[in-house]
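These notes are about the structure you will find just below.
The values are calculated or read from the model by the stated rules, or taken from the named source; none is laboratory data. These numbers were taken from a predicted model, which means no experiment stands behind them. Cβ placement follows ideal geometry from the backbone for every residue including glycine, while neighbour counts extend to all protein chains displayed. SASA here: full protein model, heavy atoms, side chains in, ligands and nucleic acids out. Shrake-Rupley method; radii C 1.70, N 1.55, O 1.52, S 1.80 Å.
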Amino acid sequence: MADVADVAGMAGMAGMARAAKRAGAHVPCGRRRLGGLAGLLVLTAVAALAACGGGSSDAGPEPAPSGLCAGVGTSYATLVKTPTAVGQSAGATLAGCSGAIDGPSWTQTAGPAVPLLAAKTQTVAFDPPQAGIYTFRVDFRDPAGAARSENVTIDVAAAATGTGSARLALRSSQSVRMGGNVSVRAWPTPGAGDGVRGIAWTQLEGPAVTLDTTDSHVALFVAPQVSRDTVIRLRATLTTTNGQTASDEALVLVERHAQAAASDAAALWAGDHVSRVYAYRATSPYAAVLARCVYDSSLRTDNLCPLSQLPFLAQEVGGVGGAVPTVEQVMNRVVVSHDWAGRNFETFLRDNDPRGDFRRMLMSVTAVVIGAQVRPSFYYAVTGAIYLDADNFWLTPEERDTVNEAPDYRSNFGSTLQYTTLWRYVRGSTSLFQFFDPRQRVTRGTAALQDEAGWLMLHELGHALDFLPPSAYGALNATLSPWGNIGPRFQAGQLTSDLVPASHPLTSAELAALGQVRFFGATASAAQTSYTPAQVAAFFSADLATDDYAYASRREDVAMSLEEFLMQLWLGVKRDFAIVPRPGSGATGSTLLVQWGQRGRIGEPALRPRLRAIVQQLVPWVDASEVDRLPAPTPMRVGDSWTGNLVLPGPPPPSPRLAKTEPTLQELWLIDQAQQRRLRLQPQARPLPGGVPPR
């Protein structure tokens, strides 16, 4: 029986999703539901304000044009954010006036030491610890390709003093290529005994943009098209409950960078936003080609890098029979938007991969790209690389400041259905996914990297192994590109995600069709909107999927199964999956009642034959008999809340919060993440050369 996850018209639906992705935040705000806390916060001070620059964003006069490159014949220019005082954010930017700036690198030369988290971008920002003069040198290549160096001085004044003095800091000034998503967060500090009444946003300079301030603490917009590097200057003003005011400004440099046109069928990144990245290790033997080979808007089907330039990691270590790759060999293939992302990724490997299992899986990739603008995460068979959202890797509040907060474009898919599904990983009776308040300067310990990034790594590496399993290493041809090697296997239907679903298919046509609604944005039919949670539970419990995301495609079906198995085997955590009624406004894990659910569904005896085949083909160094040793799943208590079902097994605990009407930010975030965290993954539907979508 054919795999019903590959329903007719899937290629068309993939195209629809891709078109939506290209539109990104250009979707009219009146129609977009923001994901995450931006869409959940209901602030009484701004409850009646419009989502897109309404009462919380001052329309005001037309912003002044950017004068940064006004000088005749100017090839580049620097700009310092002024004025700046302690308690505000300091910043400086370097703009290319006659062309692109290449290889910017900032170094502090004088003043109290400050961390520069974005030192290899065109804009730096920091929180000055004290008043004084801060000086920096920026080295770069100008638009003509000449090596240049400029000195920049930032004069920081003392903080305002006095009873009730309020402060506001905008974090942070930044650079973004045109078409990219921008988020700037306001950090208010009212005086003692005071509070926040409201935060108003204004654009002071640059081409006019539409500010989305649904959450008044964050301004979101899409960087406009520009003819040269252009500054957009924003101001936010805090008003406290006692009538105090404070303001700060942020510089957003919009880089002139031509992306591949959506109509260019030969372009790998047609219609996509490709952000600035660079090789994390400048001394890597692949440093000169890494970004160009895996994440460059100029990549086309006729200029792909051969494996002789950037081989798979397996080729470097000798294939299946070779040694386990070292951490150093892996790090030589890491591409980042910020150095901290590479540093934390290395910490993840050193702390969480004692047997080398993650490194073995990484043998099927050419590179690892970690970017503050990468959302959702994905694997791309054409380049052989995985692309990871940096939000999974931050540890300090300063690192978090550099990660874009724009929500995923798929946040509202399936909103007309009567049900939704929730999931989480648990260790004992504790969820791995903890709340880190975005309005607090939170630091995460390195142990959080396993919880935040472990499942993501296993999922994306599952895709990589599906397209290039260990059995294929020996036949790799160094004269061909990654796709030149993988394409024939794909076209011949030789992937594990072709073979296993053929012999052990998913059979629910209803869930296959619902997968197009929930993960690709298809319009739900009358029949689909009439399905009750109990009906959906009956469809799912009788089938072989571990999560309804498996119905996005058979590629996801295999990746989900492998991810859950390895999370349980290697990291000792189990996965909860439940079907619940669609949440209403203010719903939390304590108010949503489980209609059906299991902990550790991967241990369901009916799933073992297909799981064993997946394990044998994709991770052959793992003893396949481990599949038979998996414990049977634990059923959730129907009628108890999602939160109450954290404790399994056992008698139903009391659910005292069922009638709560004012949920906390933590409760809202946790239930949102239980629904939306899977949106950090991109369904395997990226176009491949020849226009063939990976089904």
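Structure summary
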{"quantity": "Any hit, the stretch 602-622, residues being open to solvent by less than 20 Å² (accessible area, probe 1.4 Å) and among the acidic types (Asp, Glu)", "calculated": "no"}
{"quantity": "Any chance residue 215 is in a loop (DSSP other than H, G, I, E, B), closer than 27 Å to residue 191 by Cβ and open to solvent by less than 10 Å² (accessible area, probe 1.4 Å)", "calculated": "yes"}
{"quantity": "Yes/no for residue 191 being farther than 17 Å from residue 234 by Cβ, in contact with a Ser or Thr (Cβ under 6 Å, 6 or more places away or on another chain) and small (Gly, Ala, Ser)", "calculated": "yes"}
{"quantity": "Pairs with Cβ under 6 Å, 6+ apart, first in the stretch 238-257 and open to solvent by less than 50 Å² (accessible area, probe 1.4 Å), second among the β-branched types (Val, Ile, Thr) and assigned to a loop (DSSP other than H, G, I, E, B)", "calculated": "254/226"}
{"quantity": "Subset tally (residues that are among the β-branched types (Val, Ile, Thr) and either under 30 Å from the mean Cα position of the chain (by Cα) or open to solvent by 40 Å² or more (accessible area, probe 1.4 Å) (or both)) for the stretch 623-646", "calculated": "2"}
{"quantity": "Number of the condition not met by residue 434 [criteria: (1) out of contact with any Phe, Trp or Tyr (no Cβ under 9 Å at 6 or more places or on another chain); (2) under 27 Å from residue 645 (Cβ atoms); (3) assigned to a loop (DSSP other than H, G, I, E, B); (4) touching a residue at least 40 places away in the same chain (Cβ under 8 Å)]", "calculated": "(4)"}
{"quantity": "Test: residue in the stretch 83-98 that is free of Cβ contacts under 8 Å to residues at least 24 places away in the same chain and either touching a strand residue (DSSP E or B) at 6+ places or on another chain (Cβ under 6 Å) or surrounded by 23 or more Cβ atoms within 10 Å (Cβ to Cβ) (or both)", "calculated": "no"}
{"quantity": "Options 190, 143, 104: the member that is under 20 Å from residue 81 (Cβ atoms) and either in contact with a Cys (Cβ under 6 Å, 6 or more places away or on another chain) or surrounded by 15 or more Cβ atoms within 10 Å (Cβ to Cβ) (or both)", "calculated": "104"}
{"quantity": "Strands (runs of 3 or more DSSP E) contained entirely in the stretch 108-175, each with at least 1 residues that are touching a residue at least 24 places away in the same chain (Cβ under 8 Å) and in contact with a helix residue (DSSP H, G or I) (Cβ under 6 Å, 6 or more places away or on another chain)", "calculated": "167-171"}
{"quantity": "The one condition in (1) assigned to a helix (DSSP H, G or I); (2) at pLDDT below 95 that residue 550 fails to fulfil", "calculated": "(2)"}
{"quantity": "Filter result for the condition that a residue is open to solvent by less than 10 Å² (accessible area, probe 1.4 Å), without any contact (Cβ under 8 Å) to a residue 40 or more places away in the chain and either at positive phi or of a type outside the set (S, T, N, Q) (or both), over 322, 356", "calculated": "356"}
